[in-house]
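Below: one structure, written as structure tokens.
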Amino acid sequence: MEFFIDPSRCIGCQACVHACAECESHRGLSMIHLDFVDRSSSPQTTPTVCMHCEDPTCARVCPADAIKQTAEGIVQSALKPRCIGCSNCVLACPFGVPRYIAAMDQMMKCDMCYDRTSIGLKPMCATVCPSGALYYGPRETLEKIRREHPTNTFVFGRQVVKTKVHLMVGHETDELEFDVASFLSTSSPLAGED
Amino acid sequence: MATSDPHWRADFPVNWEDDHYVTRREFTTFLTLISGALFLGTGLVGLRERWRRRRAPHPAAMRIAQVHEIAIGGVKLFHYPTPDDPCLLLRLSTDHFVAYSQKCTHLSCPVVYRVREQQLHCPCHEGHFAVETGQVLAGPPRRVLPRILLALKGEDIWATGVEV
């Protein structure tokens, strides 16, 4: 059982956001990010769950030793007695996943519904996604029904990040490269096309 | 990545299994139990020592010196009640003798007689004992020096017991 995200299938219905907020471990607080890619020019949305990096940057930068990775490769939310709310992880995560919750003064993030996936259930978001943008299941089943190809290697400048969660892309590729510098110089990814 | 990790990474691992997290409550429990165990342990050791001392046979009297061997203000080393118990015999005046165990009651360093101060001095940690009574005057020792009871029989000085 693996997690696959296909942003091109996302219809922005917010079902995942609300399903996430119904989780037992963080009821009322959604950990999924549902973002418009470029709201002025397109209704396209994209869901972001934690990619669960093999070498998690958030845990690497945590000065309080509060972020831990389980043997299954799941990167957990900050440990409550340790997190000092410094937001280092929020700034460091290449995917923008961790959230600083000011009311609790600590970080929370998607833990792939560890309470559910550790006993063989699907994560909340994947159970409700109507378009299959969030898919949790065997890779073989997915390969039969989709044209897109999963990839889990992302290159951000000099940092290569391998993740547990896969991203579906249109063409077969070993790694996805992101030009971090160009993202910084422009607020919209489509701005250069004007 | 693992090979280039700094050494502190081993103490603060990212991996959940490698992390030995101790909560404040666990730590407090540990401290309380350990100090309780130490308290009980030292109490038991003390009680056992006391019991052993009470059961120990009264040491036999032993002739340790003759009066003319020691000048006034002089010292003689002897062993009493066993050869492993070094003691000091001091002549304070013509017919005033005292004797103490030479083991400092702090950490068993040998004490030396200082005539000018009229003190027994332990050079290890600056312990001072009164020469008349064996009482602690200064320094880390807390207990009096064990006193050797003496008896004068003619020219001979006999050790007749140990007063702790």
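The values are calculated or read from the model by the stated rules, or taken from the named source; none is laboratory data. Small disclaimer: the values here were computed from a predicted structure and weren't measured. Here Cβ is always computed from backbone atoms with ideal geometry, including for glycine, and neighbour counts include all displayed protein chains.
Data table
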| item | result |
| --- | --- |
| Test for A:V180: is it of a type in the set (A, V, I, L, M, F, W, C) and at pLDDT below 90 | yes |
| Selected residue (criterion: farthest from the chain's Cα centre (by Cα)) from residues of segment B:23-54 that are surrounded by 10 or more Cβ atoms within 10 Å (Cβ to Cβ) and within 14 Å of another protein chain (Cβ to nearest Cβ) | B:E26 |
| Residue within segment A:11-20 that is touching a residue at least 24 places away in the same chain (Cβ under 8 Å), more than 19 Å from A:R116 (Cα to Cα) and of a type outside the set (V, I, T) present | yes |
| Matching residues, segment A:50-73, being under 13 Å from the mean Cα position of the chain (by Cα) and either within 9 Å of chain B (Cβ to nearest Cβ) or among the charged types (D, E, K, R) (or both) | A:P56 |
| Any hit, segment A:114-129, residues being modelled with pLDDT of 95 or more and among the polar types (S, T, N, Q) | yes |
| Residue within segment B:19-41 that is part of a loop (DSSP other than H, G, I, E, B) and either among the charged types (D, E, K, R) or touching a residue at least 12 places away in the same chain (Cβ under 8 Å) (or both) present | yes |
| Residue that is surrounded by the fewest Cβ atoms within 10 Å (Cβ to Cβ), among those in segment A:48-73 that are under 18 Å from A:H33 (Cβ atoms) and in contact with an Asp or Glu (Cβ under 8 Å, 6 or more places away or on another chain) | A:T48 |
| Some residue of segment A:133-143 being under 15 Å from A:P7 (Cβ atoms) and part of a strand (DSSP E or B) | yes |
| Some residue of segment B:85-101 being in the same structural domain as B:Q135 (by TED's automatic domain parsing), of a type in the set (D, E), surrounded by fewer than 10 Cβ atoms within 10 Å (Cβ to Cβ) and under 22 Å from B:C122 (Cβ atoms) | no |
| Residue check for A:P43: surrounded by fewer than 20 Cβ atoms within 10 Å (Cβ to Cβ) and within 14 Å of chain B (Cβ to nearest Cβ) | no |
| Filter result for the condition that a residue is in contact with a Phe, Trp or Tyr (Cβ under 9 Å, 6 or more places away or on another chain), surrounded by 15 or more Cβ atoms within 10 Å (Cβ to Cβ) and aromatic (F, W, Y), over A:Y136, A:Y100, A:Y114 | A:Y136 |
| Those strands (runs of 3 or more DSSP E) lying entirely in segment B:65-164 with at least 1 residues charged (D, E, K, R) | B:75-79, B:86-93, B:112-114, B:147-153, B:156-163 |
